[in-house]
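Below is one structure, written out as structure tokens, with a few remarks after it.
Every number here is computed from the coordinates shown, using simple stated rules; none is lab data. This one's a predicted model, so the numbers in the text were calculated from it and none came from an experiment. With ideal geometry, Cβ positions are generated from the backbone for all residues, glycine too; neighbour counts draw on all protein chains shown.
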Amino acid sequence: MRRGFVPWADPNVRPLVRFEAVTRRFGPTVAVDRLSLGIYEREFFALLGPSGCGKTTLLRMLAGFEAPDEGRVLLGDEDIGRVPPYRRPVNMMFQSYALFPHLTVAGNIAFGLKQDCLPRQEIDVRVAEMLALVKLDGFAGRKPHQLSGGQRQRVALARSLAKRPKVLLLDEPLAALDKKLREETQFELMDLQARLGTIFVIVTHDQEEAMTVAHRIAVMDRGRIVQVATPPELYEHPNSRWVAGFIGDVNLLEGKVVSADADGLAIEGTNGRYRAAAGGDAKPGQSVCIALRPEKVRLAATRPPLPAENCAGGRVHDIAYLGDVSLYKVKLADGSVMTASVANANRVTERGIGWDDEVWLTWAPDAVVVLAR
Amino acid sequence: MDQTKAARGTALGPSLGSSLGSWGARLVVLVPYVWLIAFFLVPFLIVLKISLSQTAIAQPPYVPVLDLAAGWRGITDFIAGLSADNFATLVSDDIYYLSYAKSLLVAFVSTAILLAIGYPLAYGMARAPRRLQSVLVMLVILPFWTSFLIRVYAWINILQRDGLLNQTLLALRIVDEPVAWLASDTAIYIGIVYSYLPFMVLPLYATLEKMDETLLEAAADLGAPRWKAFWSVTLPLSLPGVGAGALLCFIPIIGEFVIPDLLGGSDSLMIGQTLWTEFFANKDWPVASAIAVVLLCLLLGPIAIYQHLQTRNIERVG
């Protein structure tokens, strides 16, 4: 299912959900700024960004709780910008779950079905089906306050799926769960989405969560989309310093392009000469920044043989042992700090490299991304 | 439930450590019991005793009186002198039965009117902007700053023949001649609804204000238009407030005396007025006491319901 699912690469496929130059203001602040976006059928889409970036507003516009000030929100061919929430084939799972405290689990799940005036038997069948889907059989008669946090989360999920919406909106759905349960639930959400084929749009500020569950991620900042890409693309080919810094850890090295040829770019920086395998469209003389992930940096106690391209010397400033990896913060000659992460493949009781040791950092020309912005 | 128990456990836990602390804890628990025994149970037992006595032209105006100086004989004479005759009187004369019925009727109707006015009021307050809400609560409480009696007297002024209400109605040509508002059941209802409105509005406001707005969003999201969301979410969730407000009004209205006495007519009396007449006009303390005992028994039902609702509410919050 996941493999080969790339509708966005096919110009003939039209997205089911479309935002067209949508703007939403709250007083003087612009929450969403002339934003355009398409989400495809069967897609698990994540909106990722720092708090206040407009991702929740975008979600609420899709749910119908906010109307766009400008632009259009389309579902299929219908402009749903002004359609009230109770007439949209879209359901939302709230961050607080918003379960009705006076209704039982079954009553909560049946709530939406009752609004559609479905016959009783059909409601009962659908409720049982939903309970099985979220593995809560036997909990139908409980009240929300008799459930654990994880169980409440499941009820909220079942309730929002009961009406078989075309689009399911998830507003920070796992924020209230502890880390272990959150990770388990992420995989369950992926399975569920693949099985149902419903569009899932998740809002999260947790980049790991977005990377785990989503087909594509839209990274947002200040009401705009900075980049929309699959998780690997986003991580390996961020389109700006902002995205590179927001997704994962990154070392940013400033420099000036010296030459550009078929072999890539040669860049003169404060810590030596760098070579990048691919440089986009950077011209000689242009100021650029190279982004380098810590796990792509090699750490050595001795100076590697010349030529000394993509090589920086420094002193170990800090070491963080995280179990699976160790992070080495190395202070370079110009005073900047670079991070190298080293996988702890063997059980190390004593490190070869310690505090204040002189070390050398090297990396491959194809490990870096050249960013002009 | 478990949480409440746990909380109780920790609250008592440290005080059980030292005997001094334990004494302190017991004393604190004792205070409300001492209060209730001294100012509720003892007076009630006295009233109960008087209700079983006979009127007499004496001081106090009833017999028997417990004479401990006479020893054991005094006690047996006292017990032999008690009788349930006064309760038989209450059943035999329909003035008492009619008074009780009238009180219940007035309490029911007033509570219904109070709910009809108080609910929209409280709902509007809870939906008002945050800054405005404290002002609105203040305005609801404001009448308490003037004496209750003065406010009821003010209504006499408003409702009398050439009062404000009749002048307004005449000026607007709604009526051709002044309406006799005073000394009618309408005046009683106006007075009661006016006086008890804060007791209805405040508990309702408290429950409605606490309600999570996202529940209404969830209802809308699941396909419920506003009125349906109100009916299936807001209203059921505000029922504890409705119950508290209704009983907070219903219980004291049954025994209400001042408002019907000042604003109402003399053709049919509420039980509070009948009680007053027996006590002060007829000087029949035993029958007045019997009326009070029966009234209390009548009120026990609603009070028990109120208590039940309160505990359930506390449990749900816990």
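Label point of residue B:127 set 7 angstrom out along Cα-Cβ; within the stretch A:74-98, amide nitrogens under 18 Å from it belong to A:84-86.
Which pairs in the list A:135/A:180; A:114/A:179; A:143/B:210; A:135/A:179; A:163/B:210 are over 24 Å apart, alpha-carbon to alpha-carbon? Violating the 24 Å limit, Cα to Cα: A:114/A:179; A:163/B:210. Using only the Cα atoms of the stretch B:93-317, build the gyration tensor, take square roots of its eigenvalues as a ≥ b ≥ c, and label the shape rounded, prolate or oblate: rounded if a/c is under 1.5, else prolate if a/b is larger than b/c, else oblate. In terms of gyration-tensor shape, oblate. Can you tell me the orientation of helix A:120-133 relative to chain A, as the angle in degrees between its alpha-carbon axis and the longest Cα principal axis, to the nearest 10? Helix A:120-133 and the main axis of chain A meet at about 20 degrees.
Please compute the contact order of chain A in relative form: average sequence separation of alpha-carbon pairs under 8 Å and at least six residues apart, divided by the residue count, as a percent.
On the way: 760 pairs, mean separation 54.8, N = 373.
15 percent.
Across chain B, Cα pairs under 8 Å and at least six residues apart give a relative contact order of 25 percent. Is chain A best put as rounded, prolate or oblate by its Cα gyration tensor, with a ≥ b ≥ c the root eigenvalues, rounded for a/c under 1.5, and otherwise prolate when a/b is larger than b/c, oblate when not? Verdict is prolate for chain A. Evaluating 6.51 cos²θ - 1.76 cosθ + 1.60 at θ = phi - 60° for every residue in the stretch A:78-86, the Karplus couplings come out as 8, 7, 9, x, 10, 6, x, x, 6 Hz, glycine and proline recorded as x.
Overall form of the protein assembly as shown: prolate. Here a/c, set by the Cα gyration tensor axes a ≥ b ≥ c, is 1.5 or more, and a/b is the larger of a/b and b/c.
Of all chymotrypsin sites (Phe, Trp or Tyr not before Pro) in the stretch A:197-284, which ones are in loop regions per DSSP and have a Cβ with at most 14 other Cβ atoms within 10 Å?
Values: sites: A:200, A:235, A:242, A:246, A:274; in loops: none.
For chymotrypsin sites (Phe, Trp or Tyr not before Pro) across the stretch A:197-284 that sit outside H, G, I, E and B with at most 14 neighbouring Cβ atoms in 10 Å, the list is empty.
For the stretch B:141-200 and the stretch A:93-133, compute the distance between their C-alpha centroids and round to whole Å. What the calculation gives is 50 Å, centre to centre.
Using the Cα centre as the reference, give the magnitude of the dipole from point charges on the C-beta atoms of chain B (Lys, Arg: +1; Asp, Glu: -1; all else neutral), rounded to the nearest 20 debye.
Working: 18 positive and 21 negative charges, 219 e Å.
Here the size comes out at about 1060 debye.
Residue separation of residue A:196 and residue A:344 scaled by 0.36 nm, minus their Cα-Cα distance, works out to 49.3 nm of gained length. Neighbour counts of other Cβ atoms within 10 Å put A:321, B:306 in the fewest-to-most order A:321, B:306.
Rounded to the nearest 20 Debye, what is the dipole magnitude of the stretch A:254-371 about its Cα centre when Lys and Arg each give +1 and Asp and Glu each give -1 at the C-beta? Intermediate results must be reported in sequence, preceding the final value.
Working: 13 positive and 15 negative charges, 19 e Å.
Rounded to the nearest 20 debye, it is 100 debye.
With each label modelled as a point 7 angstrom along the Cα→C-beta vector, the residue B:226-residue A:78 pair spans 2.2 nm.
Listed by chain and number, the lysines placed with their C-alpha closer than 17 angstrom to that of residue B:49 are B:283; residues fewer than eight positions away on the same chain are left out. Ranking B:219, B:192, B:202 by how far each Cα lies toward the positive end of the dipole of the stretch B:174-222 (charges on Cβ) leaves B:192 at the top.
In nm², what is the average projected area of the convex hull enclosing the Cα atoms of the stretch B:144-259? Before the final figure, lay out the partial values.
Working: hull surface 40.8 nm².
So the Cα hull casts an average projection of 10.2 nm².
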